[in-house]
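Colleague: Below you will find the structure I want to go over with you.
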Amino acid sequence: MLVFFIVLAAIGGYLLGSIPFGLVLTQWAGLGDIRAIGSGNIGATNVLRTGRKDLALATLLLDAGKAGLALILARLLTTGHPQQIEIGLVAGGAAFVGHCYPVWLNFKGGKGVATFFGVLFAGAWPLGLLAGATWLAVATMFGYSSLAALCAAAIAPIAALVAAYSWPEVIFALLLAARYRRLWPISWG
């Protein structure tokens, strides 16, 4: 039965995460394909480049919300199951992967910053607050969203370890953070 819940959580989370809200909202607003401007990503930062702050905010909230919703729904549907926490993490992680590699867009999605925060806030809100504060501080000081995302992602697993979160939660934060290695502007290899 555990395998069934994990597979269902992974598929459901991935499909929910694959909804490209930035693309849908900009097309709905008559702004065309968001992938044709700026960074070419479907996330809130690129939507902001259209000049529509309202659409950027909506994209941010919806992208964060889809990951948080996936995690919360999985936990609600498995209430009382001994691996309820882990099943929720699978769903939230799958939503994060779905946003970054959506099936609907030939596996070319966003960077996952909003979905990262959404799943952290839903799964471990103190970590989400710390990562959010880190992002805000770095973005304010240096003006680079990608650098802020790197710093926020780096601090989350360290904080989870220091705060004595469960090992699945620490590993989960570490796996989410590993996604951001590609944002680093220096080649390590």
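The values are calculated or read from the model by the stated rules, or taken from the named source; none is laboratory data. No experiment lies behind these values; they were computed from the predicted model shown. Glycine also receives a Cβ, built like all others from the backbone with ideal geometry; neighbour counts cover every protein chain displayed. Keep in mind that these areas ignore ligands, DNA and RNA; they rest on the heavy atoms of the full protein, side chains included. Shrake-Rupley method; radii C 1.70, N 1.55, O 1.52, S 1.80 Å.
Colleague: Among the residues of the range 75-86, is there at least one that is under 29 Å from residue 2 (Cβ atoms), surrounded by fewer than 16 Cβ atoms within 10 Å (Cβ to Cβ) and of a type in the set (Gly, Ala, Ser)?
Modeller: There is at least one residue in the range 75-86 that is under 29 Å from residue 2 (Cβ atoms), surrounded by fewer than 16 Cβ atoms within 10 Å (Cβ to Cβ) and of a type in the set (Gly, Ala, Ser).
Colleague: Could you tell me which of the residues 73, 31 is in contact with a helix residue (DSSP H, G or I) (Cβ under 8 Å, 6 or more places away or on another chain) and part of a helix (DSSP H, G or I)?
Modeller: Matching residue, one of 73, 31: 73.
Colleague: I'm trying to understand the selection: among the residues of the range 149-168, which are of a type in the set (Val, Ile, Thr) and under 12 Å from residue 128 (Cβ atoms)?
Modeller: 155
Colleague: Sticking with this one: Among the residues of the range 4-18, are any in a loop (DSSP other than H, G, I, E, B), β-branched (Val, Ile, Thr), in contact with a helix residue (DSSP H, G or I) (Cβ under 7 Å, 6 or more places away or on another chain) and touching a residue at least 12 places away in the same chain (Cβ under 8 Å)?
Modeller: No, the range 4-18 has no match at all.
Colleague: Any residue in the range 132-156 that is in contact (Cβ under 8 Å) with a residue 60 or more places away in the chain and open to solvent by 20 Å² or more (accessible area, probe 1.4 Å) sitting within a Cβ distance under 8 Å of a residue that is in a helix (DSSP H, G or I) and β-branched (Val, Ile, Thr)? List the pairs, counting only those 6 or more apart or interchain.
Modeller: 145/45; 145/113
Colleague: In this structure, does residue 67 turn out to be over 25 Å from residue 147 (Cβ atoms) and either open to solvent by less than 40 Å² (accessible area, probe 1.4 Å) or touching a residue at least 24 places away in the same chain (Cβ under 8 Å) (or both)?
Modeller: no
Colleague: From (1) small (Gly, Ala, Ser); (2) open to solvent by 40 Å² or more (accessible area, probe 1.4 Å); (3) at negative phi, pick out the condition that doesn't hold for residue 10.
Modeller: The failed condition is (2).
Colleague: Then there is this: Determine which single condition residue 35 fails, assuming it passes every other condition in (1) of a type in the set (D, E, K, R); (2) under 12 Å from the mean Cα position of the chain (by Cα); (3) open to solvent by 80 Å² or more (accessible area, probe 1.4 Å).
Modeller: (2)
Colleague: Among what's in the range 101-113 and is at pLDDT 90 or above, within 20 Å of residue 68 (Cα to Cα) and touching a Lys or Arg at 6+ places or on another chain (Cβ under 9 Å), pick the residue that is most open to solvent (accessible area, probe 1.4 Å).
Modeller: Looking at residues that are at pLDDT 90 or above, within 20 Å of residue 68 (Cα to Cα) and touching a Lys or Arg at 6+ places or on another chain (Cβ under 9 Å), I get 101.
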